[in-house]
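Take a look at the structure below.
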Amino acid sequence: MPNIVASTQATRESIDAAVAYLRRRDARPWRLLIILGSGLGALADEVAEATCVPYADIPGFARSTVQGHKGQFVIGTLFGVPVAVMQGRMHFYEGHPLWQVTLPVRVARAMGATHMIVTNAAGGINREYHVADVMLITDHINLVGMAGHNPLIGPNLDEYGPRFPEMTTAYDPELRRYAVQAAQAAGLTLRQGVYAAVAGPNFETPAELRFLRAIGADAVGMSTVHEVLVARHAGMRVLGLSGITNVARLSADEGEPPSHEEVMQAGAQIAPKIFTIVRGVLTQML
Ligand code: HPA
């Protein structure tokens with residue numbers, strides 16, 4: 001059964017309980033939270049001096065039930081930066097309330113993280129995008145939030161951030177510059193575009209995809225924006241990268257329908273590119 005909890009917000013107690021448990025497992029402070037999307041989990045293998053903590057062991061945490069999501073924190077250092085890497089994330093479509101989907105971000109802030117790199121698998125809507133492209137997220141359209149599901153709904157956690165956080169620079173300009181430089185230095189093509197978030201779990205209809213294109217989306221996915229809202233609320237600096245795992249079928253007679261298998265296969269091609277960009281960003285962050 002999904003863990004449906006009546007609360008609409010993370011509470012101080014739920015954050016403190018998770019933080020206390022994590023500190024007992026590994027007391028090192030975090031600087032950067034990295035969230036790995038579908039098929040991108042291999043990056044966590046590069047973490048040095050790693051401590052692995054399954055979400056299932058952490059008080060208040062939901063389990064990630066999706067195939068291709070291992071469901072653990074890998075805590076250690078990556079290219080010299082103290083990190084916690086999330087090998088798999090929680091999704092709204094799994095039935096978890098958004099406060100629980102984003103609890104790891106609250107916890108990361110409490111563990112000392114000031115930065116977040118968020119990755120995902122996404123469908124390409126921009127006609128120029130191809131499978132296995134990487135897109136730097138420049139902005140997002142949160143259709144889930146616009147429909148009334150937002151992890152910041154409920155009593156505001158004043159010690160974390162303001163009631164009405166602004167989102168004009170949700171995706172940090174300086175970190176984006178680092179990513180562009182890292183891609184250029186490695187000879188990688190890096191797309192730049194707007195990520196639209198839908199709830200899922202179904203893939204979109206052709207009419208929905210045409211709608212998303214019309215409103216200015218370049219890629220579509222089922223995650224990320226909730227985590228970004230909570231990170232920005234807490235003043236964390238965010239970099240977002242989408243791996244394009246399939247391209248949109250804007251009419252039913254074009255191309256093949258998307259599948260989770262296709263998403264996982266493309267993820268294997270995308271992971272090394274994201275790894276190269278993350279390495280370049282971390283080296284510049286040091
Ligand atoms: N739509 C929504 N989410 C996705 C897709 C898609 O086409 N591909 C990977 N995640």
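Regarding the stretch 255-276, can at least one residue be identified that is of a type in the set (Asp, Glu), open to solvent by 10 Å² or more (accessible area, probe 1.4 Å), out of contact with any Ser or Thr (no Cβ under 9 Å at 6 or more places or on another chain) and more than 11 Å from the ligand (Cβ to nearest atom)? Checked against the condition, which is being of a type in the set (Asp, Glu), open to solvent by 10 Å² or more (accessible area, probe 1.4 Å), out of contact with any Ser or Thr (no Cβ under 9 Å at 6 or more places or on another chain) and more than 11 Å from the ligand (Cβ to nearest atom), the stretch 255-276 yields at least one hit. When ILE58, ILE153 are checked against the criterion of being among the β-branched types (Val, Ile, Thr) and open to solvent by 10 Å² or more (accessible area, probe 1.4 Å), a single residue qualifies: ILE153.
For the stretch 111-131, a residue qualifies if it is surrounded by fewer than 20 Cβ atoms within 10 Å (Cβ to Cβ) and either of a type in the set (A, V, I, L, M) or in a strand (DSSP E or B) (or both), and exactly one does: VAL131. Quick check on ILE141: is it within 17 Å of the chain's Cα centre (by Cα), open to solvent by 20 Å² or more (accessible area, probe 1.4 Å) and more than 20 Å from GLN9 (Cβ to Cβ)? Yes: the conditions hold for ILE141. Pairs meeting the criteria (first residue in the stretch 23-46 and over 21 Å from VAL238 (Cα atoms) and open to solvent by less than 20 Å² (accessible area, probe 1.4 Å), second residue more than 16 Å from the ligand (Cβ to nearest atom) and aliphatic (A, V, I, L, M), beta carbons under 7 Å, at least 6 apart or on different chains) are ASP26/ILE75.
Could you please let me know if GLY243 is away from the ligand (no atom under 12 Å from the Cβ) and either within 20 Å of ARG176 (Cβ to Cβ) or surrounded by fewer than 24 Cβ atoms within 10 Å (Cβ to Cβ) (or both)? No. Residues in the stretch 180-215 that are of a type in the set (S, T, N, Q) and closer than 17 Å to ASN246 by Cβ were compared, and the one that is least open to solvent (accessible area, probe 1.4 Å) is THR205.
Of the residues VAL278, VAL220, the single one that is at pLDDT 90 or above and under 26 Å from PRO151 (Cα atoms) is VAL220.
In the stretch 18-82, which strands (runs of 3 or more DSSP E) lie fully inside it and hold 3 or more residues that are β-branched (Val, Ile, Thr)? Walk me through how you get there before you give the answer.
Working: elements: 32-36, 48-54, 72-78.
Passing ranges, in order: 72-78.
The values are calculated or read from the model by the stated rules, or taken from the named source; none is laboratory data. As the structure is a computational prediction, the values presented were derived from the model and not from experiment. We place every Cβ from the backbone using ideal geometry, glycine too, and count neighbours over all the protein chains shown. To get the accessible areas, we keep the full protein, side chains included, count just its heavy atoms, and leave off ligands, DNA and RNA. Shrake-Rupley method; radii C 1.70, N 1.55, O 1.52, S 1.80 Å.
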